[in-house]
Amino acid sequence: MLNCRRRLFGRFASLALIGLLALPVAALGQEQIGHAQQAIAHDGMVVAQEGTAARIGVDILQRGGNAVDAAVAVGFALAVSYPRAGNLGGGGFMVIHLADGRNTAIDYRETAPQAITDKSFLDANGNADPQKSRNSALAIGVPGTVAGLALAEEKYGSGRFTLADLIAPAVALARDGIVLTGQTLAPAPFDPSRLRRWPSSAKIFFKPDGSAFAPGDRLIQADLANSLDVIAKGGPQAFYQGPIAQRIAAAVQAAGGIMTADDLKIYRAIERTPVHGTYRGYDIVSMPPPSSGGIELIEMLNILEGYDLAHDDQAQELFLMIEAMKRAYADRALYLGDPDEVQNPVTRLTSKDYAAKWRATIDPVRATPASAIHAGGIIEPEGRNTTHFSVVDRFGNAVANTYTLNFIYGLGMVADGTGILLNNELDDFAAKPDSPNAFGLTGYKANAPGPGKRPLSSMTPTIVLKDGKPFIVTGSPGGSRITTAVLQVIVNVIDRGMDIADAVSAPRVHDQWVPDQVFAEPGLPENVLTALRARGDKIVPQRPFTSANSIMITPGAFVGAADPREGGALAVGY
Ligand code: DON
């Protein structure tokens, strides 16, 4: 481990310097974090980033559906009511706990088209070209959402509903329109030109004269309604083969991309075994690769288990979490990638012994400088473009689902005639060793672009079990900051004894090894920040980030907490 750190230091020291000098990450104002909207119910609960979709999920639960039925309905509904992240044209992950005790995970991450190479995102000089991986049609991965939701329903739905039944509310929302709120379309700091530059998108998301919609206006998505209807009638094949697939491939190619109808035809969602860990007697069930989230989460919890966080003061608790974060993110960069293409050392990284070795490298009073380990990266201030929802039912099933288009509205491009916004997920590959993606994450061979390969994700849908039964269902958007948000929700509950609303609302910190900075949300006491600085942490204030819509299952009640950071999230049950 230390050898590996030395090796990395040698390789990247000069880049680190450049990265650190060039870092444009600045304090983005001090918006305060409100308190989570909380709901208490006994028979079912959905917490999602948009209220209409959350209510659609609860309606399915009330009609006898299970948590998977509800999650599938919410997933389709958010594609209409929360178009900047809810999607048909992106991908994600669903972690499921079944009432009979089984745990499973559905991987519906996007794949790279067959024609991709490890040079696809480089410029003429062989340098990583973010224009290509973030802003061009080359960035579009083969969408996985329709296959993933359909697979989840087919295998784990209650059988009371057809897929068409679960899509029907989304069709109606798209056809009849949704009344826009200030939150729906363009949250700051979104740049509307990302959508406007595509005529196929501009004609849907702007008024005919090109001006922006205002709160109270109705957004009708007729093409999307038709696409949803076609999927409802024909099943997932109707998305991956036939007119929708042809339109997607044609739109991608017309914009200079390389996806073909065949890439869509061969797409498969994959059921995987979740990663499993334990933390102070609780079981942690989370997403395996191609997400790094579950492994990193378990690695961090294993490191932290060796400390008495419950009795540490807040500064020391945060300091130790930050040290654990750096080490887990270092491993992410080096080791992790698509499990169908590379060997991920899952067992080793999630073992207690491995964590003990890392723990031995932590100086309890002095920050380990990340600059001594790796190169600097840049985190784009943009965020809020993935979305997480949590669902539980009265039967004992639970679903944690995180899905995304990557950036807000993904590439911003609707495949003309389908109403479907396409992702720019392939920026999550390491375009070149050491070249950071939009979230400042670097990687190596394990996460190099390759045909049919799934880019490494940070999405961390997670279910914490107590005595084998769901206790916390959580997850978050936020790019690289997702996994540390999930970590803090769990530690806040288990170590700090907070209820779920407090655990979700409490200000969070984030360290991802590079850049060598601790991002801190507003609201942390000044004496805590001073104590962290004294230990050597470089604190960078940031506006509130991530949105961990969570549920806690307490004796006799479900308690939902809608994260207050983004606005518009709703916890609702019955
Ligand atoms: O899969 C990932 O890790 C990223 N594509 C997720 C992007 C994201 O969360 C954006 N933010 N809110």
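Somewhere in segment 129-143, is a residue among the small types (Gly, Ala, Ser), modelled with pLDDT of 95 or more and within 15 Å of residue 233 (Cα to Cα)?
Step one: list which residues in segment 129-143 are among the small types (Gly, Ala, Ser), which gives 133, 136-137, 139, 141.
If we keep only those that are modelled with pLDDT of 95 or more as well, we get 133, 136-137, 139, 141.
Next, from what is left, pick out any that are within 15 Å of residue 233 (Cα to Cα): none.
No.
Being under 19 Å from residue 551 (Cβ atoms), polar (S, T, N, Q) and open to solvent by less than 10 Å² (accessible area, probe 1.4 Å) is true for just one of 62, 49. Which residue is that?
49
For every residue, the table says whether it meets (1) open to solvent by less than 40 Å² (accessible area, probe 1.4 Å); (2) at pLDDT 95 or above; (3) among the basic types (Lys, Arg).
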position: 236; (1), (2), (3): yes, yes, no
position: 242; (1), (2), (3): yes, no, no
position: 255; (1), (2), (3): yes, yes, no
position: 271; (1), (2), (3): no, yes, no
position: 278; (1), (2), (3): no, yes, no
position: 295; (1), (2), (3): yes, yes, no
Quiz item: In segment 390-436, which residue that is surrounded by fewer than 24 Cβ atoms within 10 Å (Cβ to Cβ), small (Gly, Ala, Ser) and modelled with pLDDT of 95 or more is farthest from residue 482 (Cα to Cα)?
Solution: 417
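Select from segment 498-519 the residues that are among the polar types (S, T, N, Q) and more than 16 Å from the ligand (Cβ to nearest atom) and write down the one among them that is surrounded by the fewest Cβ atoms within 10 Å (Cβ to Cβ).
The initial filter retains those residues of segment 498-519 that are among the polar types (S, T, N, Q), namely 505, 512, 517.
Adding the requirement that they be more than 16 Å from the ligand (Cβ to nearest atom) leaves 505, 517.
Details: 505: 25, 517: 21.
The qualifying residue surrounded by the fewest Cβ atoms within 10 Å (Cβ to Cβ) is 517.
Just a yes or no: is a residue in segment 110-126 of a type in the set (S, T, N, Q), open to solvent by less than 10 Å² (accessible area, probe 1.4 Å), within 21 Å of the chain's Cα centre (by Cα) and modelled with pLDDT of 95 or more?
Taking segment 110-126 and keeping what is of a type in the set (S, T, N, Q), we get 111, 114, 117, 120, 125.
Among the residues that remain, those that are also open to solvent by less than 10 Å² (accessible area, probe 1.4 Å) are: none.
No, every residue in segment 110-126 fails to be of a type in the set (S, T, N, Q), open to solvent by less than 10 Å² (accessible area, probe 1.4 Å), within 21 Å of the chain's Cα centre (by Cα) and modelled with pLDDT of 95 or more.
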Quiz item: Which one is farthest from the ligand (Cβ to nearest atom) among residues in segment 542-567 that are at positive phi and surrounded by fewer than 22 Cβ atoms within 10 Å (Cβ to Cβ)?
Solution: 556
Exercise. Could you list, in sequence order, all residues of segment 87-109 that are open to solvent by 30 Å² or more (accessible area, probe 1.4 Å) and assigned to a loop (DSSP other than H, G, I, E, B)?
Key: 99, 100, 101, 102
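For segment 287-299, what are the residues that are among the hydrophobic types (A, V, I, L, M, F, W, C) and within 16 Å of the ligand (Cβ to nearest atom)?
Let us first name the residues in segment 287-299 that are among the hydrophobic types (A, V, I, L, M, F, W, C), namely 287, 295, 297-298.
Of everything in segment 287-299, those that are among the hydrophobic types (A, V, I, L, M, F, W, C) and within 16 Å of the ligand (Cβ to nearest atom) turn out to be 287, 295, 297.
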Quiz item: Of all residues in segment 438-462, which are within 14 Å of the ligand (Cβ to nearest atom), at pLDDT below 95 and not hydroxyl-bearing (Ser, Thr, Tyr)?
Solution: 438, 439, 440, 441, 443
Exercise. Kindly check whether there is at least one residue in segment 503-519 that is touching a Gly at 6+ places or on another chain (Cβ under 8 Å), in a loop (DSSP other than H, G, I, E, B) and within 16 Å of residue 473 (Cα to Cα).
Key: no
Exercise. Test residue 522 against the criterion of being more than 16 Å from the ligand (Cβ to nearest atom) and either open to solvent by 20 Å² or more (accessible area, probe 1.4 Å) or over 30 Å from residue 101 (Cα atoms) (or both), and give yes or no.
Key: yes
Quiz item: What do you reckon, is residue 495 in contact with a helix residue (DSSP H, G or I) (Cβ under 7 Å, 6 or more places away or on another chain), modelled with pLDDT under 95 and away from the ligand (no atom under 16 Å from the Cβ)?
Solution: no
Quiz item: (1) free of Cβ contacts under 8 Å to residues at least 24 places away in the same chain; (2) closer than 24 Å to residue 272 by Cα: which one isn't true of residue 125, the others all being true?
Solution: (2)
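Can you find a residue that is open to solvent by less than 50 Å² (accessible area, probe 1.4 Å), at pLDDT 95 or above and either under 30 Å from residue 85 (Cα atoms) or away from the ligand (no atom under 16 Å from the Cβ) (or both) anywhere in segment 361-377? Full working, then the answer.
Just the residues of segment 361-377 that are open to solvent by less than 50 Å² (accessible area, probe 1.4 Å), to begin with: 361-362, 367-368, 370-377.
Cutting the leftovers down to at pLDDT 95 or above gives us 367.
Among the residues that remain, those that are also either under 30 Å from residue 85 (Cα atoms) or away from the ligand (no atom under 16 Å from the Cβ) (or both) are: 367.
The answer is yes; a qualifying residue exists.
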Self-check item: Filtered residues of segment 531-541 (kept if open to solvent by 30 Å² or more (accessible area, probe 1.4 Å) and without any contact (Cβ under 8 Å) to a residue 60 or more places away in the chain)
Solution: 533, 534, 538
Practice problem: Give 439, 471 a once-over and let me know the one that is surrounded by fewer than 24 Cβ atoms within 10 Å (Cβ to Cβ), in contact with a helix residue (DSSP H, G or I) (Cβ under 6 Å, 6 or more places away or on another chain) and outside any helix (DSSP H, G or I). | Solution: 439
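For segment 394-411, indicate whether the set of residues that are within 16 Å of the ligand (Cβ to nearest atom) and more than 24 Å from residue 510 (Cα to Cα) is non-empty. Step through it out loud before you land on a result.
Taking segment 394-411 first, the residues within 16 Å of the ligand (Cβ to nearest atom) are 400-411.
Of the ones still in play, those that are also more than 24 Å from residue 510 (Cα to Cα) are 409, 411.
Checked segment 394-411: at least one residue is within 16 Å of the ligand (Cβ to nearest atom) and more than 24 Å from residue 510 (Cα to Cα).
The values are calculated or read from the model by the stated rules, or taken from the named source; none is laboratory data. Bear in mind the structure is a predicted one, so any value in this text is a computation, not a measurement. No Cβ is skipped: glycine too gets one built from the backbone with ideal geometry, and neighbour counts run over all protein chains shown. Accessible surface areas use protein heavy atoms only, side chains included; no ligands, DNA or RNA. Shrake-Rupley method; radii C 1.70, N 1.55, O 1.52, S 1.80 Å.
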